[in-house]
1. Considering only residues of region 1-16 that are in contact (Cβ under 8 Å) with a residue 60 or more places away in the chain and over 16 Å from S76 (Cα atoms), which is surrounded by the fewest Cβ atoms within 10 Å (Cβ to Cβ)?
2. So which residues in region 2-47 are over 18 Å from D58 (Cβ atoms) and in contact with a Pro (Cβ under 7 Å, 6 or more places away or on another chain), if there are any at all?
3. Name the residues in region 29-83 that are surrounded by fewer than 18 Cβ atoms within 10 Å (Cβ to Cβ) and among the small types (G, A, S), would you?
4. In region 26-42, which residues are touching a strand residue (DSSP E or B) at 6+ places or on another chain (Cβ under 9 Å) and not hydrophobic (A, V, I, L, M, F, W, C)?
5. For region 54-83, give me each residue that is closer than 10 Å to V10 by Cα and either in a loop (DSSP other than H, G, I, E, B) or of a type in the set (G, A, S) (or both).
6. Looking at region 1-53, which of the residues that are within 12 Å of S67 (Cβ to Cβ), out of contact with any Leu (no Cβ under 6 Å at 6 or more places or on another chain) and in a strand (DSSP E or B) is modelled with the lowest pLDDT?
Amino acid sequence: MDTRWGPVQVKITVTNGKITAAEAVVYPTENGHDVEINSYAIPTLNQEAVSKQSANIDMVSGATVTSTGYLQSLQSALDQANL
């Protein structure tokens, strides 16, 4: 999903109808601020996606744009996987 700071793309791994892994494969890294925010936001979002088994996860404080793009991309991946 395109955000104002750049695209965010999430890849999920599904085994037996369950999300076993979620990974942001594309996210903003254009400047030091992006790198700093996403160094904690992306792992948190990945973990929450697997834990909650849905896109109904909390956004990461201070990373609203990345979180929004992540949630939209995650929902798209879930839809494609028919979950």
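The values are calculated or read from the model by the stated rules, or taken from the named source; none is laboratory data. As the structure is a prediction and not an experimental result, all values here were calculated from the model. Cβ placement follows ideal geometry from the backbone for every residue including glycine, while neighbour counts extend to all protein chains displayed.
1. For region 1-16, the residue satisfying everything is R4.
2. W5, G6, V26, D34
3. The answer is G32, S39, S51, S54, S61, G62, S76, A81.
4. Y27, P28, T29, E30, D34, N38
5. Scanning region 54-83 gives G69, S73, S76, A77.
6. Applying the filter and picking the extreme gives T3.
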